[in-house]
Amino acid sequence: MRAPLRNLAAAVAAGLLPAAAHAGGYIVPNVDARDLALAGSAVAAQDSAAATYANPAALARLEGLNLSLGLGLIDFRSTWIDSANVFNASPVTMVSKAAFPPALYAAYGLALPRQMRLGVGAGLTIPGGGYIFWPGDWAGRNEVITVDRKVYGGYLTAGLQLFQRLRLGGGLVYYRTTEHLVQGVNFLSQEGEIELGTSGAAFSFDASAEGTPFASVPLTLSVDYKHQGVQHLSGHAHGVDVPLPLRPSLLDQQVTHTLTYPNQLNVGASYRAPVIPLLVTAGFTWERFHVYEQDAFVGDRGVSVVVPREYRNGYTFRLGGEVQALPRLKVRAGVLRDVSPSRTDTLNPSLPDSSAIAVSLGIGYRVLPDLEIDAAYFHAFYDSITATGLEAFPGTYQTRANIYALNLAWKLPQRQQ
């Protein structure tokens, strides 16, 4: 390929990279309705099969067959403002499209000799991803138009009670990611698009512990660690309206890149008030996002680009409460502060993330002695953020997110089986 064409092809590939992997906003909140209503602070207060994902050590406290079947609805939307007047453009808001992550878990708990207990669980959810749809004619179309990424998480975990006040847990985690990305491209002589689809998977593991350190104090402490999953994705890229001289390198090619789901550490505490029917939960989450030092996009037609990322680690503070308002009704609420790993000097509209404060509300209603319906609403207030660096797409982003969740929790105690 002649040098000018090679340079243009490299520029096109570099523009596609931000949509391929963006750390900020990568983690999706736990959409189990009870956990969502408590703003994810219930790591030390798991009471259903949802512990398969949130804290496997708590599976040892279950008795008999337990199902937790839920579905979430995520509405993520951002408005871009040409705050630097680079494009002399009006504000643009994302096209509204909802995502529906599942939260499906099944578990079984039983007693063992010498006051030991065992619980095993299996589950499926979407712990990470992106769902971004900008208008096809907006000013940043050459950065990104569409990002549809889903990181599926499959969990096979267990919990073992060694002593009355100590439980250990962990198990196997399977991550599988699918991506569909669309980006506009200015070929100088004409405008076109590049569409990319990739998929890949990786195994990882979970380890957790839970304890009640004081016999006379209703305090529970828990910790849960999920190791990173390094996925090597591969797929196909297709160009639309590509000029004839560039077609050999850009019209169709196989592509690969590496996408890492980061390490996560969740630490939690719960306290059940002895006089009033109140459960207080608190948690801290740490996410090892600095694994994104760079992104490498490699095509099999001679176009390879490495883009620096240099993300920071992210962390979240969480607080929640659950009140037994009526014999069959529980009322829940939570609040969190999330400190985003994104940097303003690499900010990109592929996922315009920033630090946020979120509030949540929910209820649980026991329809039958062994069947409860849970519902939750979660709203995130993102900080307004402005891109600053030469590698960032200029502008200011004002973002919000709404999450709704509905869940059925059913249990069949071992004595009834």
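The values are calculated or read from the model by the stated rules, or taken from the named source; none is laboratory data. Everything numeric in this text was worked out from a predicted model, so none of it was measured. With ideal geometry, Cβ positions are generated from the backbone for all residues, glycine too; neighbour counts draw on all protein chains shown. When the accessible area is computed, the model is the full protein with side chains, heavy atoms only, and any ligands, DNA or RNA have been set aside. Shrake-Rupley method; radii C 1.70, N 1.55, O 1.52, S 1.80 Å.
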Of everything in region 381-394, what is buried (at least 19 other Cβ atoms within 10 Å of the Cβ) and over 25 Å from the mean Cα position of the chain (by Cα)? Give them in sequence order. 394
Pick from region 231-275 the residues that are among the hydrophobic types (A, V, I, L, M, F, W, C), free of Cβ contacts under 8 Å to residues at least 40 places away in the same chain and open to solvent by 60 Å² or more (accessible area, probe 1.4 Å): which of them is nearest to residue 289 (Cα to Cα)? 244
Do we find a residue being of a type in the set (Val, Ile, Thr), modelled with pLDDT under 95 and touching a helix residue (DSSP H, G or I) at 6+ places or on another chain (Cβ under 7 Å) anywhere in region 9-27? yes
Would it be correct to say that residue 284 is modelled with pLDDT of 90 or more, open to solvent by 10 Å² or more (accessible area, probe 1.4 Å), over 30 Å from residue 183 (Cβ atoms) and part of a strand (DSSP E or B)? yes
State whether the residues of region 151-164 include one that is buried (at least 17 other Cβ atoms within 10 Å of the Cβ), touching an Asp or Glu at 6+ places or on another chain (Cβ under 7 Å) and more than 25 Å from residue 288 (Cα to Cα). no
Selection over region 189-215 where residues are farther than 30 Å from residue 239 by Cα and open to solvent by 40 Å² or more (accessible area, probe 1.4 Å) yields a count of 6
Extreme residue, surrounded by the most Cβ atoms within 10 Å (Cβ to Cβ), among residues of region 59-107 that are among the hydroxyl-bearing types (Ser, Thr, Tyr) and in contact with a Gly (Cβ under 7 Å, 6 or more places away or on another chain): 105
Hey, any hits in region 333-344 for a residue that's under 17 Å from residue 74 (Cβ atoms), charged (D, E, K, R) and open to solvent by less than 10 Å² (accessible area, probe 1.4 Å)? no
